[in-house]
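The values are calculated or read from the model by the stated rules, or taken from the named source; none is laboratory data. This is a predicted model, so every value here is computed, not measured. Surface accessibility is based on the protein's heavy atoms, side chains included, excluding ligands, DNA and RNA. Shrake-Rupley method; radii C 1.70, N 1.55, O 1.52, S 1.80 Å.
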Amino acid sequence: MKVLLWLVLLGAIAGNVSLNLMEDSGLHIALSVVSGVIVLASGAGLWMLRGGRDGEAHG
């Protein structure tokens, strides 16, 4: 699960960086918002799945 979340996070960050090369338009803004939400959601998921110092997950 963590590997998938890391891949999604890295893909969304790469997508967001490539979106910065596009011209500003409605589509650019919409895709930027979607990629930002994906970055936040996958980051929150990784944070929730993080292990403690003893290896146990919090939550």
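Accessible area of the chain with a 1.4 Å probe: how many percent of it is carbon plus sulfur?
71
Against the longest alpha carbon principal axis of the chain, how many degrees, from 0 to 90 and to the nearest 10, is the axis of helix 26-48 turned?
Taking Cα atoms only, the helix is inclined about 10 degrees.
Using only Cα atoms, tell me the angle between helix 2-19 and the longest principal axis of the chain; keep it within 0 to 90° and round to the nearest 10.
20
Suppose a student asked you for the relative contact order of the chain, using Cα pairs under 8 Å spaced at least 6 residues apart; what percent would you report?
39
So I have [x] 70; [y] 60; [z] 101, and one of them is volume of the Cα convex hull per residue in Å³ calculated from this model. Which one is it?
Step by step, volume of the Cα convex hull per residue in Å³ for this structure corresponds to label [x].
So, for the chain, what is the accessible surface per residue at a probe of 1.4 Å, expressed in square angstrom?
Solvent-accessible surface per residue comes out at 77 Å².
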